[in-house]
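Read through the structure below, which is laid out as structure tokens, and then see the notes.
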Amino acid sequence: MATLANFLGKPTSWVYDNHEKQAIPSFRVGQQLRFWPNEIKVWLEENCREQTA
């Protein structure tokens, strides 16, 4: 969780909120929230604006 939050440059609360909204691909293993790196990569490519210089 914290690793993904750090990677995205967001607080862990943002990751939890977006998990609850089903806005970010995630799943639970018991009580732990997990993410597949490949699904996060695809989600970023599909949902983040491309920045132009």
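The values are calculated or read from the model by the stated rules, or taken from the named source; none is laboratory data. Keep in mind that this is a model prediction, so the values were computed, not measured. Side chains are part of the model used for accessible areas, which takes the heavy atoms of the whole protein and leaves out ligands, DNA and RNA. Shrake-Rupley method; radii C 1.70, N 1.55, O 1.52, S 1.80 Å.
Scanning the stretch 8-22 for residues that are open to solvent by less than 70 Å² (accessible area, probe 1.4 Å) and over 16 Å from Asn47 (Cα atoms) gives Thr12, Ser13. Of the listed requirements (1) in a helix (DSSP H, G or I); (2) open to solvent by 60 Å² or more (accessible area, probe 1.4 Å), Ala5 misses just one: (2).
Yes or no: the stretch 23-37 includes at least one residue that is open to solvent by 60 Å² or more (accessible area, probe 1.4 Å) and assigned to a helix (DSSP H, G or I). The answer is yes, given that some residue of the stretch 23-37 is open to solvent by 60 Å² or more (accessible area, probe 1.4 Å) and assigned to a helix (DSSP H, G or I).
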